[in-house]
1. Which condition breaks for R430 when tested against (1) farther than 18 Å from H189 by Cα; (2) basic (K, R); (3) in a loop (DSSP other than H, G, I, E, B)?
2. Pairs only if they're at least six apart or on different chains, beta carbon under 6 angstrom, first in the stretch 128-139 and outside the structural domain of A289 (by TED's automatic domain parsing) and on the phi > 0 side of the Ramachandran plot, second in a loop (DSSP other than H, G, I, E, B) and modelled with pLDDT of 95 or more; list them, first residue then second.
3. Given the criterion touching a residue at least 24 places away in the same chain (Cβ under 8 Å) and assigned by TED's automatic domain parsing to the domain that holds L146, identify the matching residue among D257, D251.
4. Give the residue that is nearest to W356 (Cα to Cα), with candidates limited to residues of the stretch 406-422 that are among the hydroxyl-bearing types (S, T, Y) and assigned to a loop (DSSP other than H, G, I, E, B).
5. Quick check on this structure: which one of V406, V439, V410 is under 24 Å from S365 (Cα atoms) and surrounded by 16 or more Cβ atoms within 10 Å (Cβ to Cβ)?
6. Does N233 meet the test of being in contact with a helix residue (DSSP H, G or I) (Cβ under 8 Å, 6 or more places away or on another chain) and farther than 30 Å from E394 by Cβ?
7. Tell me the residue from R179, R224 that is basic (K, R) and under 30 Å from G23 (Cα atoms), please.
Amino acid sequence: MDIREYYGKKVFFIGIGGSSMSGLARLMKWRGCTVCGSDKTASHKTEALESEGIKVFIGHRAENVSGADLVVYSAAIGEDNPERKFAKENGIPMIERCELIGLLMAHCENAIAVSGTHGKTTTTAMISSVFLAAGEDPTIHFGGELPSIGGSTRLGGSGTFICEACEYHSSFLSFLPKRAVILNIDEDHLDYYKDIDDITNAFKRFARLVPEDGCVYGNGDDARVRQVLGELNCKTVTFGLGPQNVIRAEDVSYDEDGRPSFTATYFGHPLCEVELGVAGEHNLRDALAAIAVANDSQLPMQLAAKALSEFTGVGRRYELTSVTDGVKVYTDYGHNPTETATVLSVARRQCRGTLWAVLQPHTYSRTKALFDGFLHCFADADEVLVTDICGAREVDPGDINSGMLVDAMVKSGLKAHYTPTFDDAENFLRAHWKPGDSVVTLGCGDIYLLNEQIASNGDSKR
């Protein structure tokens, strides 16, 4: 399929309210398409789309698709969806979300895809910020919100396309990158992958999509990433803290809030001095990935350093949502043990009082598969609240629930509390928190609504 054949035609998005899908809907509208779509519930994203002239149907019904020339659906939309069934029965072409991204990439000579179990969104935003600061005009698409582009998507006029590449359902295998970043390879999505070896093999297949005249940039401190890089025919560049890396951070120091400063080097030769505006070693590694891509693209290193110093993060990545009753309330998208431990380590460094973590487990399968990991990733939190599991695309199997997780947490020595609903969590917090405390809500479901609820119900300010 040549996606350009559908410019100017009617394109329907099933699940249009998703972070990636809403951005793609905008991209196609900017390409001259008549765009509409559906989602099971209304949200800020669907309301924003409607304000931009994109019709959104709430609820999935066959008649919604009538007249569409192309249907785009996300991996979470099953074959039994009435809109997919209607499209199939009526011969309307259908493609999955990542197939559309791949088709858009096909016409860009410099497609940069950012992959990894953790950090994709932040790194994509960092790379985008560096290219924009250097005066480039890239198309950008990722799952976060970047203030400098007013959201998650930007239509550029150059041949550069910077995007996030998700491994869920091996979606990134539909991409056609000229250059790719691999940040790390860890256990996740075990409802789809058999084990860590299966996940690693998927990243190998993704990396092999890069042509011989392209390049793969990989975290050289991650053994699985090094394994993948060692099997490629194209150029590879490693980044990290260890001496084996091509791009390194040297003379690293941290301020009292955990924001790193360092010298970025290339084969030991200084490239630039960087003072990050975001905290934590994980953000330092993400910044090194951005520097590796920028250096290879021959962008001015001083402009890259300036862009990274001015970068303050993306939405739902340790984002301060309010200060309520003197308590700082943050939200973070982290939904597995590694991500949880990482963000709490930053919060612990910055918190001057009690650190409260509020976890909304995401999917029953992930909660079961990573159960033991959730018992050991809250060491930096003083108190842990756990809401009911966000089932998302899954049906409750009846053999796992948040109460079981809390019981195991308590037995492991954590001060954990089962607060089934957002009202329960808010009431518990308000009854116990004190000025100077911090709250971090965690999860990739709708836990951010708890932050909005707290901000709207009391003495809140940004």
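The values are calculated or read from the model by the stated rules, or taken from the named source; none is laboratory data. From a predicted model like this one, the values you see are computed outputs, not experimental measurements. Every residue, glycine as well, gets a Cβ built from its backbone with ideal geometry; the counts of neighbours run over all protein chains shown.
1. Status for R430: all satisfied but (3).
2. That search, which allows pairs on different chains as well, returns nothing.
3. D257
4. Once the filter is applied, the top-ranked residue is T419.
5. After ruling out the rest, the residue left standing is V406.
6. no
7. R179
Table: residues versus (1) closer than 22 Å to T122 by Cα; (2) touching a Gly at 6+ places or on another chain (Cβ under 9 Å); (3) surrounded by fewer than 23 Cβ atoms within 10 Å (Cβ to Cβ); (4) at pLDDT below 95.
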site	(1), (2), (3), (4)
N219	yes, yes, no, no
K235	no, yes, yes, no
V252	yes, no, yes, no
G258	yes, yes, yes, no
Y266	no, no, yes, no
H282	yes, yes, yes, no
